[in-house]
Every structure is written in structure tokens, then in C-alpha cells.
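The values are calculated or read from the model by the stated rules, or taken from the named source; none is laboratory data. In this text, all values refer to a predicted model and were calculated from it rather than measured experimentally. Note that each Cβ is placed from the backbone with ideal geometry, even for glycine, and that neighbours are counted across all protein chains shown. Only protein heavy atoms, including side chains, enter the accessible area calculation; ligands, DNA and RNA are left aside. Shrake-Rupley method; radii C 1.70, N 1.55, O 1.52, S 1.80 Å.
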Amino acid sequence: MKKKSILLTNFNIINFSGSEIDTVTVANYFISIGYNVDIFTLDYGEPLSKIVNKNIRVVTLNNVSLLKKKYDLVWSHHYPLLDYLIFNQNIKANHIIYISLSSFEPLETLPQYYMNLSLIGALSDEAIQALGKQMPEKRNILKFPNYATNNFFKHKIKEINNVRKICIVSNHIPSELYDFKEIAEANNIKVDLYGTGNIIKYIDDKVLSKYDVIISIGKTVYYSIAMGKHVYCYDKFGGCGFITSKNIDKAFKYNFSGRGFNKKLTGEKIYNDIIKNYKKINKEIYILKEYAQNNFNFENNVNYILSLLNKDNKTSCNDIIQKYPNLVIKSRLYVETYTNKNDTIKYQNTKMNNISRELEAKKSELAEIYTSTSWKITYPIRLSKVLIYKVFKR
């Protein structure tokens, strides 16, 4: 029996950021259920490439000719890439799904031909509302939320009587959480920081299992609730604090982003809140774990999307090309401009790195000279020359 094929798109597959991890997670899952899987991206590399299944083919502009001419399914993030594939690479598919992963990022807006796609999805009620405002013609938007995969749900709940280790997971840690870290560690609670500028590591269940309380927003919150962890939702937008059965519905609607609560605290208040209330959460985590299973189990949600694909919502790429001919040039220019700009930045960074290495080499040479025996022996001669120069200068 011939394997089905899927093509996924995402601007980059490099870093441990939301859309990039999403793309790899979806791709790895489709490998596990027997699909041939390709990813089209403009930039590919470490550290994220280390967790990409070896059977997945990652295609960039450098080897774009490797793409199939037709797929059973295209699962797309970032509309400019989908534009480029349809209008410039003439890629066809039985079904095209477009998933928006943000309510405010420009790349997550709808493609012009959204009415012609098989399904449109968004990761939260907030994002669905934002997409709805972009639609001259209204159509249904499926909620495909952030998620936790089965490996997170397999962890057993552990009630805690003392907080000993906390982690903060964020690429944009606000100052009050740095203050919190100082206060907590002054009180013998270890606090580890993960994200840009701190520990760079793929956050999975093995990492999170080491901590009593997890402070974060977004994807990490989903993981932690599924594991039965004590989750404190707080970051650059503030947040609701501990996730409870009373606030989880509202927090979920905002993708556990911290938005929607208008609650900003000092580091001291965050510390006091955690110490005062963590034992109360022991009673809540059983309810929260069940909520997670019912609402954001990854495998269940993907299988539900696949069940919606049928002959009545097939995508005709030919119809899209005929209806929107203006996108032929626009889509190519967008991708090429981005790529050229990215190549320029890479070149400049490489050049700066080379200069830095040269400077370090020169410093090492100077250090060797200054500590050499000959330099020490000739010191009196150099000193006398300086004194003579000063005398005659007067």
C-alpha cells in the first residue's frame, strides 16, 4: 500500500520557539503513523534539528526541487511560504490546512485564498477572534490549541509538601522574575532559568520532572498541567499566578499567555504568593490534569482534524492560482527578499565572529610577549628610553 505524504511549512526550523517546535512535533507524529513527511523552511539548523526524526526530509530554497509535485496533505504555518509553494513551485495537494499560531504576529495572518482551503485553524479563542476580523467572507475556524503529547500525560501526579526547586521557562523574562529568583534563592529554593540568555535546552517532560513549581507561559504550561505539575502562569504580560480550576478556562482562551488578567506583581509578591498557596494546588492538580486530557491532548486533536478531511473539502490549487494571479510575483519577491536579508545578516555575523577570533588571537600573542623572559629582561632599557624622551620633551 502506498504511503500517504504530507508537507509542512514554517519560516525557520532552528530554535526552541513555539511555531518551530510545533512543526517538528506534527512532523514527527506523522512519521509515527506511517506518512512520508517533508518540511519546507527558509532556514534549518541546530539546536532544533537534533530532535527532527531522521526520516523527515527538510527542504530549503537551496534544494527546493526535491519537493514532490503533489501531496496528500499540506499543513501550513506562515502564509508567505504557502503562497510561494502554490504560486511559484506549483505544488498541489488533496487537502491544505492552514494553522495560525498567534493573534498578533504578521506572519500568522490569513492567506488571501483562505476560502479555498480545506480547513483553517488557530491555537486559541483569542487567535480565532483576531482571524475572524480579517475575513471579508466568514467561514469556520477550527480551534487547534497548543498541546501536550502522550508522554507528558504518562507522568504520575506528585503532591508537594515543600518547594525546593523551581524553573522559569521564558525567552523574555521580566525583571520581577529575576527579583523573584534572588528572593527565592535567599530562602534556600533553587531557581533555574531556561530560554534566551540563560540555559538553552529543549524543554520536555524529563526536564520539567525535576521541578516542584514551573513558572512560564504558553507551551510549557500545557506540558506542565498534563504532567500534574504546579504551574504558575506569569511572564512579560503578567499573568494569573497558579493555574486553578477557577481560572483555567479563561487562561486557556488566552493560550496561557498571561494576557487577559491585567495582573503584574513584584518579585516579592510572586514569592509570597507561591509560598502561601502551593499546598492548596495539591488538591487542584487532579482536576487540571483531567482538563488537559479532555482539551489539549495532541494525538486526540490531530486525529480529530484528520477525521474532518473528506472529498467535500478538497483544495484545488489550480482554482487558487487562477483566482489570485497577483500572488505569483508577490510571493516570490517576499521569500527571496527575506532570504537575501537573512543571508546578509548571516554574512555580517560571520564576519564579526572572524574579527572577534582575530582579536582574541592577537591578545594571546601579546600576552605571550608580555610574560616572556626577554620582555622582562629588556624592561629597564624600555623604561630608560621613556625617561629620556620625557626629559628632552620638556
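Annotations for the structure displayed:
- Criterion violated by residue 342 - all others in (1) assigned to a helix (DSSP H, G or I); (2) modelled with pLDDT under 90; (3) open to solvent by 50 Å² or more (accessible area, probe 1.4 Å) satisfied: (3)
- Residues that are out of contact with any strand residue (DSSP E or B) (no Cβ under 9 Å at 6 or more places or on another chain), open to solvent by 40 Å² or more (accessible area, probe 1.4 Å) and touching a residue at least 40 places away in the same chain (Cβ under 8 Å) within region 294-315 comprise just one, 295.
- From the list 165, 154, the one residue that fits, being closer than 20 Å to residue 217 by Cα, among the basic types (Lys, Arg) and without any contact (Cβ under 8 Å) to a residue 60 or more places away in the chain, is 165.
- Contact map, region 235-260: residues that are polar (S, T, N, Q) paired with residues that are open to solvent by 10 Å² or more (accessible area, probe 1.4 Å) and in a strand (DSSP E or B), Cβ distance under 9 Å, separation 6+ or inter-chain. Pairs shown: 247/240.
- Check on residue 192, charged (D, E, K, R) and under 15 Å from residue 273 (Cα atoms): no
Here's the yes/no breakdown for (1) open to solvent by 10 Å² or more (accessible area, probe 1.4 Å); (2) touching a residue at least 12 places away in the same chain (Cβ under 8 Å):
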{"residue": "93", "(1), (2)": "no, yes"}
{"residue": "99", "(1), (2)": "no, yes"}
{"residue": "102", "(1), (2)": "yes, yes"}
{"residue": "105", "(1), (2)": "yes, no"}
{"residue": "113", "(1), (2)": "no, yes"}
{"residue": "118", "(1), (2)": "no, yes"}
{"residue": "128", "(1), (2)": "yes, yes"}
{"residue": "137", "(1), (2)": "yes, yes"}
{"residue": "140", "(1), (2)": "yes, yes"}
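- Test for residue 33: is it without any contact (Cβ under 8 Å) to a residue 40 or more places away in the chain, open to solvent by 30 Å² or more (accessible area, probe 1.4 Å), among the β-branched types (Val, Ile, Thr) and within 26 Å of residue 311 (Cα to Cα): yes
- In region 70-79 there is at least one residue that is over 23 Å from the mean Cα position of the chain (by Cα), of a type in the set (Lys, Arg) and open to solvent by 40 Å² or more (accessible area, probe 1.4 Å).
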